[in-house]
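Take a look at the structure below.
The values are calculated or read from the model by the stated rules, or taken from the named source; none is laboratory data. Please read all numbers here as calculations on a predicted model, not as lab measurements. Counting neighbours? That spans all protein chains shown, and the Cβs are built from the backbone with ideal geometry, glycine included. These area figures cover heavy atoms from the full protein model, side chains too; ligands, DNA and RNA do not enter into them. Shrake-Rupley method; radii C 1.70, N 1.55, O 1.52, S 1.80 Å.
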Amino acid sequence: MHYSQLDTPALLIDEKTVRDNIARMQQFAERNGVALRPHTKTHKMSTLAEWQVEAGARGVTVAKVGEAEVMAQAGIDDIFIANQIVGQKKIERIRALSESVDISFGIDSLHHVEEIDSVFEGSGQKAQVVMEIEVGEKRSGVIEADDFKKLLEAIGSTDNVHFKGVFSHDGHTYKAEDAKACRALYEESAHRTLGFAQLARDMGMVPEVVSIGSTPPFMLGFDIPEGITEIRPGTYILMDAGQSNVIGTYAHCAASILTTIISKPTEARVITDVGAKGITMQTRTEGITRTEGLGLIREYEGVHIDSVFDEHAIIYDEAFNRKVEIGEKVQIIPNHICPVSNLYDMAWLLSDDEVVEEIKVDARGRLQ
């Protein structure tokens, strides 16, 4: 059936666009001689993760143990949890996964090392940890070289923890004023990560993995410095309004939310049947990912969501109001697709505007 026959709100994915996006980033990684380990938090679908691996990705990145379990159940056997995992129950689940898949996860403190060593006592596999380096995003990660060295020493004194490498996330590049500023932040972040990798080598602990990642630098085609072994972009597969603003086109947006116009109470105001519970209230307020409003109307250039209630999107645009009728359906390109994917049980795969497959968002809600 044609996608317009679907009930709304509905998450739509264009198959050609998503496969083109997968191929483009895979080719970029291969040209630069690095592995691609895409972050599946963008789509939360093992089906799409399988497509990424089939296209050449080394494995996948996830944010939570629950997501790792979903991907492992789908047959993906190389998984990195790009997050600090704290708590005996969660680490026990990683230990269980390590019996059947190659799994690693992030750390940045002595607490992590001690707890992981204790939980993995008696396991047939050592815990594979990757140390996060804070590179300017002002989130988690090791900041001082002395702390990094202490962590390496602690790992070296354990029986059950293996130092696999280092990773970083340059999410602050999203707020760069322009491509030139983005490049400067990206290069600074990459070289800081490489510096910590060299510190590890100097201490006799050679990193197998030196991993960096965020979507904008790679969409802009920046060179990857020698010594980086893998990249972890996520949003590139589906894209969204924010990331599309980085490259100046919405042509690569594979995902959208189909919504129905349900009211036109004034000559300017238009109401649709999706709100914060279907597109979120996220926006980008500065930098190269800056967006206007809370989502773009795909079919009408320059029209955006002005505000949302839980189940209503509000648009103020007289020209748009005159062109559409109650009952008509339009597509919204979200500002940030990652949290939006997590709001839907399924996505509808389209080919030439025809529905060809229903894809389960099987990692939805796996936040633990």
Q) Inside the range 33-55, can you point out the residues that are open to solvent by 10 Å² or more (accessible area, probe 1.4 Å), of a type in the set (A, V, I, L, M, F, W, C) and in contact (Cβ under 8 Å) with a residue 60 or more places away in the chain? A) V34, A35
**Q.** Test result for Q84, within 26 Å of T42 (Cα to Cα) and either hydroxyl-bearing (S, T, Y) or in contact with a Gly (Cβ under 8 Å, 6 or more places away or on another chain) (or both)
**A.** yes
(Q) Among the residues of the range 153-163, what is the count of those that are assigned to a strand (DSSP E or B) and open to solvent by less than 20 Å² (accessible area, probe 1.4 Å)? (A) 2
Q) When T173 is evaluated against the numbered criteria (1) under 19 Å from the mean Cα position of the chain (by Cα); (2) under 25 Å from R201 (Cβ atoms); (3) hydroxyl-bearing (S, T, Y), which criterion, by number, is the only one it fails? A) (2)
Q: Please tell me if G295 is surrounded by fewer than 24 Cβ atoms within 10 Å (Cβ to Cβ) and under 26 Å from F218 (Cβ atoms).
A: no
Q: Consider V303 carefully, then state whether it is within 27 Å of P216 (Cβ to Cβ) and either modelled with pLDDT of 95 or more or of a type outside the set (D, E, K, R) (or both).
A: yes
Q) Among the residues of the range 238-289, which ones are at pLDDT below 95, of a type outside the set (S, T, Y) and under 25 Å from Y344 (Cα atoms)? A) Q282, R284
Q: May I ask you to verify whether S104 is hydroxyl-bearing (S, T, Y) and open to solvent by 10 Å² or more (accessible area, probe 1.4 Å)?
A: no
**Q.** The lone exception for K150 - which of (1) open to solvent by less than 70 Å² (accessible area, probe 1.4 Å); (2) closer than 28 Å to G204 by Cα it fails
**A.** (1)
**Q.** Per-region count, the range 3-20, residues open to solvent by 40 Å² or more (accessible area, probe 1.4 Å), touching a helix residue (DSSP H, G or I) at 6+ places or on another chain (Cβ under 9 Å) and more than 16 Å from Y236 (Cβ to Cβ)
**A.** 1
Q) Before we move on, is Q88 polar (S, T, N, Q), open to solvent by less than 50 Å² (accessible area, probe 1.4 Å) and touching a residue at least 24 places away in the same chain (Cβ under 8 Å)? A) no
Q | Filter pass, E311 being open to solvent by 50 Å² or more (accessible area, probe 1.4 Å) and either modelled with pLDDT under 95 or of a type in the set (A, V, I, L, M) (or both) | A | no
Q: List the number of the failed condition for I326; all other conditions in (1) of a type in the set (A, V, I, L, M, F, W, C); (2) closer than 21 Å to L6 by Cα; (3) surrounded by 15 or more Cβ atoms within 10 Å (Cβ to Cβ) hold.
A: (3)
(Q) For the range 336-366, give me the residue count where each residue is under 24 Å from T283 (Cα atoms), open to solvent by less than 50 Å² (accessible area, probe 1.4 Å) and either hydrophobic (A, V, I, L, M, F, W, C) or out of contact with any strand residue (DSSP E or B) (no Cβ under 8 Å at 6 or more places or on another chain) (or both). (A) 10
Q.
Just to verify a result, which residue in the range 179-236, among those that are touching a residue at least 60 places away in the same chain (Cβ under 8 Å) and charged (D, E, K, R), is surrounded by the fewest Cβ atoms within 10 Å (Cβ to Cβ)?
A. D223
